[in-house]
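This report concerns only the one structure given below.
The values are calculated or read from the model by the stated rules, or taken from the named source; none is laboratory data. Quantities reported herein were computed from a predicted structural model and do not represent experimental measurements. Please note: Cβ atoms are built from the backbone with ideal geometry, for glycine as well, and neighbour counts cover all protein chains shown. Note: areas computed on protein heavy atoms with side chains; ligands, DNA, RNA excluded. Shrake-Rupley method; radii C 1.70, N 1.55, O 1.52, S 1.80 Å.
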Amino acid sequence: MAMSYGINTTCIYGEAKEQGDDKHYGALSYPIYQTATFAHPQVGVSSGYDYSRLSNPTRNQLEKVVAALEKGTDAFAFSTGMAAITIVMEFFSPGDHIIAGDDLYGGSVRLFDNISRKNGYDIEYVDTSREDIEKYIRPETKAVFIETPTNPMMNITDIRKMSEITKRHGILLIVDNTFLSPYLQNPLELGADIVIHSGTKYLSGHNDTLSGFVVVKDKSLAERVLYVSKTTGANLAPFDSWLLLRGIKTLGIRMDRQQTNAARLAQWLKANPKVKKVYYPGFEEHPGHDIMKRQARGYGAMLSFEMESKESALRVLNNVKLISFAESLGGVETLLTYPTLQTHPDVPVEIKERNGITESLLRLSVGIEDIEDLIADLEQAFA
Ligand SMILES: *Cc1c(COP(=O)(O)O)cnc(C)c1O
């Protein structure tokens, strides 16, 4: 039985460092196999690789690291997070009913409403952080798709409890774990069947590469992902796989620092009279705080806050200098996002308003800068 590493060691080496592996001349950085195809020595004999859509050594190395981090048996790397979600949505058939969280990433909502519905799926949005989903389950229900914390309202769903319900009904629990990364939360260990990541965010960590992951711990699910992915072909390129391998090496220290900065900024915002409300699960009074304490190893580095008016929100967006007004999250640079326009333009206004995504809501993805510089920037932007 191989010794299992701690999480920071796993970020660098994966599950097991290969002893005496001289295939790569001792290179500490995994080589980029920039090749589309692989020659066969003779009929019926293979190097283990045939064609890079099916598998590629650099991508495989990345997939091994991500599978180990997420405590899965198999991980699959795709060109984007949306490609990963699209692959999983190919598991269903016309007439299938899927329960989805009602505060998901806007791109997932666009996919579900405009592509999945066209394929005959019945997608029903439910606030999984508050409602008992059992009453929504019908014979046609095949899956529950959630994010926790949600985007951007930071609502928390109890993954363990949810998995008890989905297991009882024999349906899949799919968790988009992008907001916390495997460093802070492992949904497969809490009973989820499929974990999804936008690797563009914390895993890559430098706002420079797009990627997505599907991670499973069940061989038959792994075979389904492999079949759909090799057939549809959104697999991650060798160079991008290498960038991800490189980014993941520092996942732990980045997340630690980002979380510390986020906790400080959450306090600063809470104390600011121009801020009406701060949504941050690290606050004891946050309704999901206790659940998150049980199921995650931290509160992450994302937070949202409500300004007193649309005008003051726009003023902050226009005035930040160090912090960038940009979409995306999870990287070393602190980003300020305007969810109603940037991440959630395709979510119907009634749903946005009901969920609290108003025109005065801003979202922060906190980076690794010096906290004094971040606070100074916000101070001048708020003035
Ligand atoms: C960004 C994001 C996605 C989509 O990922 P891309 O890499 O941009 O395609 C999916 N889910 C969540 C929670 C995200 O933040």
Quiz prompt | Unmet requirement for TYR202, which otherwise passes all of (1) under 21 Å from LYS293 (Cα atoms); (2) touching an Asp or Glu at 6+ places or on another chain (Cβ under 9 Å); (3) in a loop (DSSP other than H, G, I, E, B) | solution = (2)
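Rundown of residues vs (1) surrounded by 20 or more Cβ atoms within 10 Å (Cβ to Cβ); (2) within 26 Å of PRO152 (Cβ to Cβ), yes/no style:
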{"position": "ILE174", "(1), (2)": "yes, yes"}
{"position": "ASN186", "(1), (2)": "yes, yes"}
{"position": "VAL195", "(1), (2)": "yes, yes"}
{"position": "TYR202", "(1), (2)": "yes, yes"}
{"position": "PHE213", "(1), (2)": "yes, yes"}
{"position": "LYS217", "(1), (2)": "no, no"}
{"position": "ARG254", "(1), (2)": "yes, yes"}
{"position": "ARG264", "(1), (2)": "no, yes"}
Quiz item: On the given criteria, is ILE137 open to solvent by less than 10 Å² (accessible area, probe 1.4 Å), assigned by TED's automatic domain parsing to the domain that holds ARG224 and away from the ligand (no atom under 16 Å from the Cβ)?
Solution: no
Quiz item: Only one residue in ASP22, ASP50 is modelled with pLDDT under 90 and of a type in the set (D, E, K, R). Which one?
Solution: ASP22
Exercise. Quickly run through the stretch 328-362 and pick out the residues that are open to solvent by less than 20 Å² (accessible area, probe 1.4 Å) and either assigned by TED's automatic domain parsing to the domain that holds THR150 or among the hydrophobic types (A, V, I, L, M, F, W, C) (or both).
Key: LEU329, LEU335, LEU336, VAL347, ILE357, LEU361, LEU362
Quiz item: Given (1) away from the ligand (no atom under 16 Å from the Cβ); (2) farther than 30 Å from GLY191 by Cβ; (3) open to solvent by 80 Å² or more (accessible area, probe 1.4 Å), where does ILE323 come up short, assuming only one miss?
Solution: (3)
Quiz item: Which one of these is under 19 Å from PRO187 (Cβ atoms) and over 14 Å from the mean Cα position of the chain (by Cα): SER220, SER241?
Solution: SER220
Practice problem: Considering (1) more than 14 Å from the ligand (Cβ to nearest atom); (2) buried (at least 23 other Cβ atoms within 10 Å of the Cβ), say which one MET154 fails and leave the rest. | Solution: (1)
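Out of TYR136, TYR105, I need the residue that is among the aromatic types (Phe, Trp, Tyr) and under 18 Å from the mean Cα position of the chain (by Cα). Which one? Give the derivation first.
On the way: TYR136 fails: under 18 Å from the mean Cα position of the chain (by Cα).
Selected residue: TYR105, the only one of TYR136, TYR105 that is among the aromatic types (Phe, Trp, Tyr) and under 18 Å from the mean Cα position of the chain (by Cα).
Residues that are among the hydrophobic types (A, V, I, L, M, F, W, C) and more than 23 Å from GLU353 (Cα to Cα): which strands (runs of 3 or more DSSP E) entirely in the stretch 68-155 hold 3 or more of them? Explain how you work it out, then say what you get.
Details: elements: 74-78, 97-101, 122-126, 141-147.
Strands (runs of 3 or more DSSP E) meeting the threshold: 74-78.
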Quiz item: What is the number of the single condition among (1) in contact with a helix residue (DSSP H, G or I) (Cβ under 7 Å, 6 or more places away or on another chain); (2) open to solvent by 60 Å² or more (accessible area, probe 1.4 Å) that THR58 does not meet?
Solution: (2)
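Being within 16 Å of the ligand (Cβ to nearest atom) and β-branched (Val, Ile, Thr) is the filter; apply it to the stretch 61-83 and report the residue that is least open to solvent (accessible area, probe 1.4 Å).
From the stretch 61-83, those within 16 Å of the ligand (Cβ to nearest atom) are 62, 66, 70, 75-83; that's our starting set.
Keeping just the survivors that are β-branched (Val, Ile, Thr) gives 66, 80.
On the way: VAL66: 0, THR80: 41 Å².
Result: VAL66.
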Quiz prompt | Test set (1) more than 11 Å from the ligand (Cβ to nearest atom); (2) aromatic (Phe, Trp, Tyr); (3) closer than 30 Å to PRO238 by Cβ - TYR105 fails condition number | solution = (1)
